[in-house]
Amino acid sequence: MTRIIAVANQKGGVGKTTTAINLAASLAYAKLNTLLVDCDPQSNATSGLGLGKHADRNSTYKLLIGECDAASALQPTELDRLFVLPAHKDLIGVNFELVDAENREFRLRDGLTAMREKFNFIVIDCPPALDLLTLNSLVSADSVLITMQAEYFALEGISELLDTIERIRGALNPGLEIEGVLLTMFDDRTNLAQQVTAELKKFFGEKLFTATIPRNVRLAEAPSHGKPAILYDPKSRGSESYVQLAKEIVAKHMPEFKGIEEIAPTAAPVEEVAREEKKVVNAPHWRRWREKSKLVTINLNG
């Protein structure tokens, strides 16, 4: 049975896209057919897996406005079992274009119905807002994975999301569950992190994932190379943490599946930067980005 998991939090900068990319990649690495659906107009989940931004390509935007089906929008990745339904910046217009449309909250759910037969897991990257795109994502999902930092403001903001989930349960998707709460950018050396973790444990109990995602340089670098961490540096703490998260989720929904227990990334680490550019972090990539984007330097003093 396919499990659709929406990675959500209306607060930005809490690791939603990083989690969506690396959870999907870890599941695919374990030989589970996995689809990553990018529902964020920023398209970071799309570019984070090495896909360029092409205006004419079928995308979640065209799916939601009825110009294509999901099958025609699927894009392959470096991992054989991982596919992406890419986003486009025009997604921002969905909130206005579909404001009076019939069944506007069910567009994504209806579009993904046929995909349930093809994939074991479908992971949806939601935008950092409680808008129509997030609503579509939550209506189509079986469960919500909430990412958050171990900070006071994060505790305040999570109540809004929980209220939204409860409203969607009551009106649009009665089967919607909380998959779990994932602590990201986590530093267990601080008293605050330990206090917030204790409070979340009291409130969510077993819904708080055992896996936590640490601050990790390799995890932050991976998107600039268009790779998930498990391909960029499989032995990094960030990669290993997402493998542990994937194991928790698979153990819950597919206890008979043993392949996830055998994940032991052995890919070679990322190639070293060319000698003449060794003093510049990721210089080859950023140069390609500048040339591709035709970056213009603006003189602010002029």
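The values are calculated or read from the model by the stated rules, or taken from the named source; none is laboratory data. From a predicted model like this one, the values you see are computed outputs, not experimental measurements. A quick note on method: Cβ atoms are made from the backbone with ideal geometry, for glycine too, and the neighbour counts reach across all protein chains shown. Side chains are part of the model used for accessible areas, which takes the heavy atoms of the whole protein and leaves out ligands, DNA and RNA. Shrake-Rupley method; radii C 1.70, N 1.55, O 1.52, S 1.80 Å.
Could you look through the range 44-62, keep only residues that are in a loop (DSSP other than H, G, I, E, B) and closer than 18 Å to Glu78 by Cα, and pick out the one that is most open to solvent (accessible area, probe 1.4 Å)?
Result: Lys53.
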Residue, nearest to Ala114 (Cα to Cα), within the range 63-75, restricted to residues that are out of contact with any Leu (no Cβ under 8 Å at 6 or more places or on another chain) and open to solvent by 40 Å² or more (accessible area, probe 1.4 Å) = Ala71
message = Tell me the residue from Asn173, Asn95, Asn120 that is modelled with pLDDT under 95, open to solvent by 10 Å² or more (accessible area, probe 1.4 Å), of a type in the set (S, T, N, Q) and more than 16 Å from Thr17 (Cα to Cα), please.
response = Asn95
query = Would a scan of the range 205-215 turn up a residue that is basic (Lys, Arg), at pLDDT below 95 and more than 24 Å from Ile21 (Cα to Cα)?
reply = no
query = Among the listed residues Ile165, Ile158, which satisfies the condition of being assigned to a helix (DSSP H, G or I), in contact (Cβ under 8 Å) with a residue 40 or more places away in the chain and open to solvent by less than 20 Å² (accessible area, probe 1.4 Å)?
reply = Ile158
query = Restricting the search to the range 143-155, which residues are surrounded by fewer than 16 Cβ atoms within 10 Å (Cβ to Cβ) and polar (S, T, N, Q)?
reply = none
Residues of the range 212-225 satisfying the condition of being over 19 Å from Thr190 (Cβ atoms) and open to solvent by less than 10 Å² (accessible area, probe 1.4 Å) = Ala222
inquiry  = If Pro255 meets every condition in (1) touching a residue at least 12 places away in the same chain (Cβ under 8 Å); (2) open to solvent by 50 Å² or more (accessible area, probe 1.4 Å); (3) not hydrophobic (A, V, I, L, M, F, W, C) apart from one, which number is that one?
reply    = (1)
query = Which one is least open to solvent (accessible area, probe 1.4 Å) among residues in the range 179-211 that are part of a loop (DSSP other than H, G, I, E, B) and farther than 21 Å from Phe121 by Cα?
reply = Thr184
task = Of the conditions (1) over 19 Å from the mean Cα position of the chain (by Cα); (2) outside any loop (DSSP other than H, G, I, E, B), Pro223 clears all except one; give me its number.
result = (1)
message = Among (1) open to solvent by 30 Å² or more (accessible area, probe 1.4 Å); (2) touching an Asp or Glu at 6+ places or on another chain (Cβ under 9 Å); (3) more than 12 Å from Ile4 (Cβ to Cβ); (4) not basic (Lys, Arg), there is one condition Leu133 misses while meeting the rest; what is its number?
response = (1)
